[in-house]
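Asks: Quick one: the structure is below, and I'll ask about it shortly.
The values are calculated or read from the model by the stated rules, or taken from the named source; none is laboratory data. On a predicted model such as this, the values are computed, not experimentally measured, just so you know. Positions of Cβ are backbone-derived with ideal geometry, glycine not excepted, and every protein chain shown enters the neighbour counts.
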Amino acid sequence: METISNYLASDHRQCDDYFAMAEEFAAKQDWPATTASFEQFHSAMAHHFGMEEQVLFPAFERETGNTMGPTRMMRMEHEQMRDLFTHMAAAVAAQDADEYAGLSETLLIMLQQHNLKEEQVLYPMSDQALGARVPELLKQMKEAPGSAG
Amino acid sequence: MNAPISSLSLQQAPPISVPFRFFLSAPLFLLLAALILLISGPQALVSRWTPALLALTHLVTLGFLTMTMIGALMQMFPVLADSPMPQPRRVAWMVHVPLVAGTAMLASGLFFSQTVLLDAAIFLLAFALGVFLIAAAYSLAASRVRHATIHAMRFAGIALMLTVGLGIALAGTLSGDFHFPVQELVRLHVAWGLPGWVGLLVMGVAYQVVPMFQLTPAYPARLTRWLGGSVFLLLCAGSLTSLTSPLLASWGDSLAAGGIAIGFAVFAGATLYLQAKRRRRIVDVTQQFWRIGMLSLLSAVALWGGAQLLTGIAADSRYPIVLGVLFMFGFAVSVVSGMLYKIVPFLIWFHLQGGLPKGSAVPNMKQIISGHAARRQMQAHLATLLLLLGSIAWPALVYPAALTLGFASCLLWLNLFAATRLYLKFARL
């Protein structure tokens, strides 16, 4: 059965793939390819954040009555990553490989420790708390537009 | 798994000074090790019992490895165990100061054969590591997270406790306070300290960080579920055999040691396999450190296996020294150094961007420690490893090995120091 955990975790893996591709093209200073794959990565991340912020988190907060806990933290980390995306886009535009490499390394750790917390704590909690509503929420998430990245 | 996750909050991360005092102290102990190697020359490596080698071993294991690992653990608990350590600042003081002083005294006590220094060192180290273990136990007991990394950390903690206890018994025996069989104590002290504390901790941390830093597939759950626990149980079994009849003890011990060796070979093989399948293909210093580490670990296992089959190897006085160089320096020091190049720049970036007003220009990780500086240090480290191994055949190579070790530890310290200065500069803005 599809759960929030396995659906969103596999979306993390998909985003990771785009991340790695963009990083590799930037290291080779292949700017047209970097631009295209960074765009792909960026919009995949925006869509992922959108699914969480517009569907999962509100449902979780309603169900648990907790808006100050884990979801607040995850939203804050999304903001920190959006900040990095902005700088990365600027590095791609400026064709600055060193700058991109440094930002990309920073984002990687930020993103991975964020994903770890979601996959090990928040998603399993959501599956448990939301129970029967999970299939409907998954459907909504798949239809969610990408939020402003 | 159903933890309250209050501590996902970044505010619960300890102040940056907590881990950094450990990180900045650690390379200095490698520098001291280089000095002792340089002063003693080839004489240091005549047997595993020379005062110089005993001092060197503890400078590396306590001064560098344990020092760094404790700093990193105090930082990682809130995220991995979802349970912060109580009073991090106070614990850091109570652990760091006596650990630094105790390690320095232990190394000088062993080097100059001064039992007074040994007694003082044991007291300080037991205090430092005892405080750390109590704080860690408190944090783990409060944690409701259950995964392989946490289990491995629990086992590693117990192993550290036993290593310290055995170390106290050894020092007491050497000072004439107790009368225990020294050989047997040393065997157990080494088993719980190296494959136990160091090996199990690296294993548990690897489950999280190898997939994370290189975007490799996850370690298979069937492996992470049993590996750490099996190694731990085999260590227990190997320790208890000495209580049985001598024949049974020798067979039981070989079987347990064989199982432990296979466990580490599986771990190293799995790590290299996962790294080969990594999706992040760019050259990365941490990954290179880990590859050196895993190849050294595999070599250590192969050498151990060879010594079981060929008595000529086991009887050679150089055998335990090569094994120690491969495990402690080739495996553990490499992996821990590689980790520092991720943890230190990330923590600096993380604390700066959290503390500075939004929109401020925060340096990125590669501006905090450049890839070039890290790579140069890695090369000096690799050269040291090769020269140390070479010195087994050509003892005169000890001298260049001591010099490159000193150079590598200075570079590591300078990299960490420059990063810290950058942090202080920005934090003051």
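Asks: Being crowded, with 21+ Cβ neighbours inside 10 Å and either modelled with pLDDT of 95 or more or not charged (D, E, K, R) (or both) narrows it down to one residue among B:346, B:329; which is it?
Replies: That would be B:329, the only listed residue that is crowded, with 21+ Cβ neighbours inside 10 Å and either modelled with pLDDT of 95 or more or not charged (D, E, K, R) (or both).
Asks: Looking at B:382, B:386 in this structure, which one is of a type outside the set (Asp, Glu), free of Cβ contacts under 8 Å to residues at least 24 places away in the same chain and more than 10 Å from every other protein chain (Cβ to nearest Cβ)? If you could, list the steps in order and put the result at the bottom.
Replies: Values: B:382 fails: free of Cβ contacts under 8 Å to residues at least 24 places away in the same chain.
Result of the check over B:382, B:386: B:386.
Asks: Pairs, please: C-beta under 8 Å, at least 6 apart or cross-chain, first residue more than 9 Å from chain B (Cβ to nearest Cβ) and surrounded by 15 or more Cβ atoms within 10 Å (Cβ to Cβ) and in region A:12-39, second assigned to a helix (DSSP H, G or I) and charged (D, E, K, R)?
Replies: Sorted first by the residue in region A:12-39, then by its partner, the pairs are A:12/A:118; A:12/A:119.
Asks: For residue A:83, only one of the following conditions fails: (1) without any contact (Cβ under 8 Å) to a residue 12 or more places away in the chain; (2) exposed (fewer than 15 other Cβ atoms within 10 Å of the Cβ). What is its number?
Replies: (2)
Asks: Follow-up. Go through region B:356-383 and give me each residue that's crowded, with 18+ Cβ neighbours inside 10 Å, outside any helix (DSSP H, G or I) and not polar (S, T, N, Q).
Replies: B:362, B:363, B:369
Asks: Being surrounded by fewer than 24 Cβ atoms within 10 Å (Cβ to Cβ) and of a type in the set (D, E, K, R), is that true of even one residue in region B:65-88?
Replies: No - not one qualifying residue is present in region B:65-88.
Asks: Any idea how many residues of region B:155-182 are surrounded by 17 or more Cβ atoms within 10 Å (Cβ to Cβ), of a type in the set (Gly, Ala, Ser) and either over 18 Å from the mean Cα position of the chain (by Cα) or part of a loop (DSSP other than H, G, I, E, B) (or both)?
Replies: Number of matching residues: 3.
Asks: How many of the residues making up region B:201-226 are hydrophobic (A, V, I, L, M, F, W, C), away from every other protein chain (no Cβ under 14 Å), surrounded by fewer than 23 Cβ atoms within 10 Å (Cβ to Cβ) and touching a residue at least 12 places away in the same chain (Cβ under 8 Å)?
Replies: 1
Asks: Can residue A:43 be described as touching a Gly at 6+ places or on another chain (Cβ under 7 Å) and assigned to a helix (DSSP H, G or I)?
Replies: Yes; evaluated as a whole, the condition is true for this residue.
Asks: So, one more: May I ask you to verify whether residue B:218 is outside any helix (DSSP H, G or I) and small (Gly, Ala, Ser)?
Replies: Values: outside any helix (DSSP H, G or I): yes; small (Gly, Ala, Ser): yes.
Judged against the criteria, residue B:218 is a match.
Asks: Just to be sure before I move on: is residue A:79 in a helix (DSSP H, G or I) and under 21 Å from residue B:351 (Cβ atoms) in the structure I sent?
Replies: yes
Asks: Read through the list (1) without any contact (Cβ under 8 Å) to a residue 40 or more places away in the chain; (2) not in a helix (DSSP H, G or I), then give the number of the only condition that residue B:404 fails.
Replies: (2)
Asks: Something else now. Of the numbered conditions (1) away from every other protein chain (no Cβ under 11 Å); (2) of a type in the set (Val, Ile, Thr); (3) surrounded by fewer than 18 Cβ atoms within 10 Å (Cβ to Cβ), residue A:92 fails exactly one; give the number of that condition.
Replies: If we test residue A:92 against (1) away from every other protein chain (no Cβ under 11 Å); (2) of a type in the set (Val, Ile, Thr); (3) surrounded by fewer than 18 Cβ atoms within 10 Å (Cβ to Cβ), just (3) comes out false.
Asks: Of the residues B:237, B:265, which is touching a helix residue (DSSP H, G or I) at 6+ places or on another chain (Cβ under 6 Å), modelled with pLDDT of 95 or more, part of a helix (DSSP H, G or I) and within 19 Å of residue B:191 (Cα to Cα)?
Replies: B:265
Asks: Identify, please: which residue in region A:55-72 is part of a helix (DSSP H, G or I) and without any contact (Cβ under 8 Å) to a residue 24 or more places away in the chain and is, among those, nearest to residue A:113 (Cα to Cα)?
Replies: Checking each candidate, the answer is A:72.
Asks: Here's a follow-up. Where in region B:310-355 are there helices (runs of 4 or more DSSP H), lying wholly inside it, with at least 1 residues that are aliphatic (A, V, I, L, M) and within 14 Å of another protein chain (Cβ to nearest Cβ)? Step through it out loud before you land on a result.
Replies: Numbers: elements: B:311-315, B:319-324, B:334-355.
Counting at least 1 such residues, we get B:334-355.
Asks: Would you mention how many residues in region A:95-149 are within 14 Å of chain B (Cβ to nearest Cβ) and touching a Gly at 6+ places or on another chain (Cβ under 7 Å)?
Replies: 0
Asks: Out of region A:45-62, which residues are surrounded by fewer than 20 Cβ atoms within 10 Å (Cβ to Cβ) and within 14 Å of chain B (Cβ to nearest Cβ)?
Replies: A:61
Asks: Could you check region B:23-66 and list, in sequence order, the residues that are among the β-branched types (Val, Ile, Thr) and either free of Cβ contacts under 8 Å to residues at least 24 places away in the same chain or within 20 Å of residue B:121 (Cβ to Cβ) (or both)?
Replies: Residues satisfying the conditions are B:36, B:39, B:50, B:57, B:60, B:61, B:66.
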